[in-house]
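Undergrad: Got a structure for you, written out below as structure tokens; questions coming shortly.
The values are calculated or read from the model by the stated rules, or taken from the named source; none is laboratory data. Please read all numbers here as calculations on a predicted model, not as lab measurements. So basically every Cβ, Gly included, is an ideal-geometry build from the backbone, and we count neighbours across all protein chains shown. Surface areas here come from the heavy atoms of the whole protein model, side chains and all, with no ligands, DNA or RNA. Shrake-Rupley method; radii C 1.70, N 1.55, O 1.52, S 1.80 Å.
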Amino acid sequence: MKYLIVSDIHGSLPAMDAVLSFYKAQHCNKLLILGDILNYGPRNGIFEGLDAKGVAGRLNEMADDVIAVRGNCDSEVDQMLLNFPILSDYILIVDNEKTLFLTHGHIYNEEKFPKGRFDAFFYGHTHLWKLEKTDKGLICNTGSITFPKQGNVPTFAVYENGTVRIYQLNGTLLKEITI
């Protein structure tokens, strides 16, 4: 399977459309969303391209291919707009004997690591991308496609056959690591 992993969309339809174009062009099988899907977050301010209903519409068109977890900006009201579940704090996926732990990052993160054994830990929340191997396994923060912080570019990840790649929103590969 080929998974595109994205976090912190925050209702940006232009950013979501860019990710979905990459998803289709790269023939991904599933879209894994690590939270903060529709709500822009009051600290971020309103931005050009904010269209939560538009993002919900795009994602609902492909609801059977979406797996999502809850971010700190997601709520039961957001769930009412989406045709796939978003209210879990984490999800485990097993792919070719590799276990992936997926979460937003406000509950489980590198400082409050979840219990259990898994090969890769994916999170968002900080809006700062990261990809590295550690003694705890591979750690990937997908960054944010809408509000990257500290001078970072908008980013997302792709996981396929034990390899994780971080891409800029424009499709440029930034880093690659194999588990």
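Undergrad: If the Cβ limit is 6 Å and pairs must be 6+ apart or interchain, which residue in region 149-168 that is within 12 Å of M1 (Cα to Cα) pairs with which residue that is open to solvent by less than 10 Å² (accessible area, probe 1.4 Å) and among the aliphatic types (A, V, I, L, M)?
TA: Once the first residue is within 12 Å of M1 (Cα to Cα) and sits in region 149-168, its partners that are open to solvent by less than 10 Å² (accessible area, probe 1.4 Å) and among the aliphatic types (A, V, I, L, M) give V158/L4.
Undergrad: Only one of these is aromatic (F, W, Y), over 29 Å from E48 (Cβ atoms), in contact with a Leu (Cβ under 8 Å, 6 or more places away or on another chain) and assigned to a strand (DSSP E or B): Y159, Y167. Name it.
TA: The unique qualifying residue is Y159.
Undergrad: Okay, moving on. Within region 86-113, work out how many residues are farther than 20 Å from L131 by Cα and surrounded by 21 or more Cβ atoms within 10 Å (Cβ to Cβ).
TA: Count: 1.
Undergrad: Something else: Does T172 fit the bill of being polar (S, T, N, Q), open to solvent by 50 Å² or more (accessible area, probe 1.4 Å) and touching a strand residue (DSSP E or B) at 6+ places or on another chain (Cβ under 9 Å)?
TA: no
Undergrad: Can you tell me which residues in region 1-38 are among the acidic types (D, E) and closer than 21 Å to L100 by Cα?
TA: Going through region 1-38, the residues among the acidic types (D, E) turn out to be 8, 17, 36.
Residues satisfying the conditions are D8, D36.
Undergrad: Are any of the residues in region 67-79 open to solvent by 20 Å² or more (accessible area, probe 1.4 Å) and under 19 Å from Y23 (Cα atoms)?
TA: yes
Undergrad: Considering N60, N83, which residue is modelled with pLDDT of 95 or more, open to solvent by 70 Å² or more (accessible area, probe 1.4 Å) and touching a Leu at 6+ places or on another chain (Cβ under 9 Å)?
TA: N83
Undergrad: So which pairs qualify, if the first residue must be in region 73-92 and at positive phi, the second must be exposed (fewer than 13 other Cβ atoms within 10 Å of the Cβ) and modelled with pLDDT under 95, the Cβ gap must be under 7 Å, and the two must be at least 6 apart or on different chains?
TA: Hits for this filter: zero, empty list.
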